[in-house]
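Below is one structure; the comments refer to it alone.
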Amino acid sequence: MSVYQCPKGHESIESDYCSECGAKINGGAAVEAKSPPVRVATATINCPDCATPHEEDSGNFCEICGYNFVTGASGEIPIPKGIASQIASSNPDAGTIDAGATLVSPTSTPPTTTGTPELLITVDRTLGCEGSPEPPPFTPLTFPLEQPSTLIGRTSDVRAIYPDLALDLDDAISHRHAVIHRQPDGALILRDIGSTNGTFLNGIEVAPMTDISLKNGDEITLGHWTKLTVNVTQS
């Protein structure tokens, strides 16, 4: 395709008037069209721990949760603790679940579950702190935990983040907030993956990148006023 030089410096595909600005082109030879830069496609894989898209040439670690794509180890990159959230339970001195509390232990035997575990999603306006917006009208929903890993967060079209459980009604929830893993025996494991405002289990803040066993009736709270109640059938 021939390209003509406009008096104002534009490249025009028309020989008489500039297709960019409309200025008259007084003759002039066609110039060679510039080829657009070629972008080499990079293979993308999803992190097994938090489902974050990862380009294979961007390093060996997940930028969100620190998963090591070479060794398969989880959370080898420490993520700074999120800002202490004001969106907590009524007991601010409850502390934080960390490496001395109800963690998953290789020697522990979590209860076996039958059927498909579920999360009951509700809005509890009493969880909001000063400055929290009024929650929108919301009908409780049930979300089945059918996948081995469920990413909890908010949708971001710009960043191409599409959580399995998208809680878009609550803007205090991080786009990639937490993950629930379902073990082969049905046991459920909760992990906060470095959220901004934190994740609370039964009123106690969960330390980032710490695996916590879940049981029937546990309440996970996050964001302004979002509550997830665990429903499992144990045997």
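The values are calculated or read from the model by the stated rules, or taken from the named source; none is laboratory data. Please read these numbers as outputs of a predicted model, since none were measured by experiment. Quick reminder, even Gly has a Cβ in these numbers, built from the backbone with ideal geometry, and neighbours come from all protein chains shown. Surface accessibility is based on the protein's heavy atoms, side chains included, excluding ligands, DNA and RNA. Shrake-Rupley method; radii C 1.70, N 1.55, O 1.52, S 1.80 Å.
General observations
- Positive minus negative residues near residue 135 (Lys, Arg vs Asp, Glu; Cβ under 9 Å): -2
- A simple count of charges around residue 120, restricted to other residues whose Cβ falls under 15 Å of its Cβ and scoring Lys, Arg +1 and Asp, Glu -1, yields -2.
- Cα gyration tensor shape for the stretch 137-235, rounded if a/c is under 1.5, else prolate or oblate: rounded
- The apolar share of the surface of the stretch 138-235, taken as the fraction of accessible area on carbon and sulfur atoms (1.4 Å probe, ligands and nucleic acids excluded), comes to 47 percent.
- Highest mean packing first, where packing is the average number of other Cβ atoms within 10 Å per residue, the peptides 145-158, 207-220, 123-136, 175-188 line up as 175-188, 207-220, 145-158, 123-136.
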